[in-house]
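Working notes, beginning with the structure itself.
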Amino acid sequence: MLLDAKELNVRYGRNHAVKTASVSLDHGEIVTVLGANGAGKSSLLKALLGTVRSDGKVLFDGTDISGWSAPRRVKAGLVMVPEGRQIFVSLTVHENLLMGAWCRDDDPEAETEAIYDRFPNLAERRHMPASVLSGGEQQMLAISRALLARPKLMMLDEPSLGLSPILVRQLFDLIRDLNRDGLAIMLVEQNTRMALATARRGYVLELGAIVLKGNAKELSSDTRLEDAYLGGKSDRVNL
Ligand SMILES: Nc1ncnc2c1ncn2[C@@H]1O[C@H](COP(=O)(O)OP(=O)(O)O)[C@@H](O)[C@H]1O
Ligand SMILES: [Mg+2]
């Protein structure tokens, strides 16, 4: 098992945002974490990355990393592409890319070239400010930047947010490609249908607690999934 997180709790003052949640992920697996807005998905990822305080235990690749700082976790291969991409728009595409290699001592040159081969749109704009990139290209850049950290596990927080349907399909193709190359992926998504079509397993969070988990195919036909999104509200999410 690559990741085995047990009984994580995240609190913001009196707001108990993640409630005794346990998640695991095998080498080479894509696992999705679903749930309505405010369910605690980002908080769960941040607890795994170590950027918010949590109790519980995180085993990563056989090592207990519970007490580790976020930079140390990144160096160990636990890498996140944050919600909203967090690209530095005044820096060039290339400068943004190199930021992903901060945790390494060796020269990332060969890998940046491999990334430019994969993404010609980034290659053409490598010396331009990242502000010239479209939303889809910025997401590719954010994922590329994370790749430069040499992840064993890439956690993606709502990568399809704000992308057009064509770009969403391209993004999910990329996620599958990266996984085929051996990368394990934890995918937080609002796009339930695409996420369950891509992942092997899934967890569903509701008000901070995992209320459903299992095989992606079974989850996609589980009526309780929709209930988790309703959360007492009348606005239905299109599944
Ligand atoms: N930095 C923060 N400070 C206080 N409350 C927060 C903070 N971040 C998130 N929350 C709250 O924690 C809960 C879970 O948020 P979040 O993890 O962002 O959910 P999701 O990613 O599923 O939308 C929400 O009630 C949210 O308002
Ligand atoms: Mg979130």
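The values are calculated or read from the model by the stated rules, or taken from the named source; none is laboratory data. Note that the structure is predicted; figures quoted are calculated from it, not measured. Glycine also receives a Cβ, built like all others from the backbone with ideal geometry; neighbour counts cover every protein chain displayed. The area values use the complete protein model at the heavy-atom level, side chains included, leaving out ligands, DNA and RNA. Shrake-Rupley method; radii C 1.70, N 1.55, O 1.52, S 1.80 Å.
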- Kindly provide the set of residues from the range 144-156 that are in a strand (DSSP E or B) and either touching a Gly at 6+ places or on another chain (Cβ under 8 Å) or more than 16 Å from ligand 2 (Cβ to nearest atom) (or both), ordered by number. 153, 154
- Note on the structure: Scanning the range 24-54 residue by residue, those part of a strand (DSSP E or B) and away from ligand 1 (no atom under 16 Å from the Cβ) turn out to be 24, 25, 30
- Being over 30 Å from residue 177 (Cβ atoms) and within 16 Å of ligand 2 (Cβ to nearest atom), is that true of even one residue in the range 51-72? yes
- Inter-residue pairs, beta-carbon under 7 Å, first more than 16 Å from residue 144 (Cα to Cα) and more than 16 Å from ligand 2 (Cβ to nearest atom) and in the range 180-194, second open to solvent by 50 Å² or more (accessible area, probe 1.4 Å) and modelled with pLDDT under 95, 6+ apart: 193/239
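Regarding residue 57, is this residue open to solvent by 50 Å² or more (accessible area, probe 1.4 Å), under 30 Å from residue 5 (Cβ atoms) and assigned to a strand (DSSP E or B)?
Against the criterion (open to solvent by 50 Å² or more (accessible area, probe 1.4 Å), under 30 Å from residue 5 (Cβ atoms) and assigned to a strand (DSSP E or B)), residue 57 qualifies.
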- So which pairs qualify, if the first residue must be in the range 31-46 and over 13 Å from residue 225 (Cα atoms) and among the charged types (D, E, K, R), the second must be more than 9 Å from ligand 2 (Cβ to nearest atom) and open to solvent by 20 Å² or more (accessible area, probe 1.4 Å), the Cβ gap must be under 7 Å, and the two must be at least 6 apart or on different chains? 46/52
- Message: I need the full set of residues from the range 1-23 which are assigned to a strand (DSSP E or B) and away from ligand 1 (no atom under 16 Å from the Cβ), in order please.
- Response: 3, 4, 6, 7, 22
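For (1) under 30 Å from residue 218 (Cα atoms); (2) surrounded by fewer than 19 Cβ atoms within 10 Å (Cβ to Cβ); (3) more than 16 Å from ligand 2 (Cβ to nearest atom), each residue gets a yes or a no:
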| position | (1), (2), (3) |
| --- | --- |
| 7 | yes, yes, yes |
| 32 | yes, no, no |
| 35 | yes, no, no |
| 38 | yes, yes, no |
- Message: Here is a check on your reading of the model: is residue 209 at pLDDT 95 or above and within 12 Å of residue 30 (Cβ to Cβ)?
- Response: no
- Those residues of the range 177-198 that are open to solvent by 10 Å² or more (accessible area, probe 1.4 Å), in contact with a helix residue (DSSP H, G or I) (Cβ under 6 Å, 6 or more places away or on another chain), modelled with pLDDT of 95 or more and not β-branched (Val, Ile, Thr) come to a total of 1
- Note on the structure: In the range 65-101, anything open to solvent by less than 30 Å² (accessible area, probe 1.4 Å), part of a helix (DSSP H, G or I) and over 18 Å from residue 48 (Cα atoms) is listed as 93, 96, 97
- Spot the failing condition for residue 83; the list is (1) farther than 21 Å from residue 213 by Cβ; (2) at pLDDT 95 or above; (3) within 16 Å of ligand 2 (Cβ to nearest atom), and only one is missed. (2)
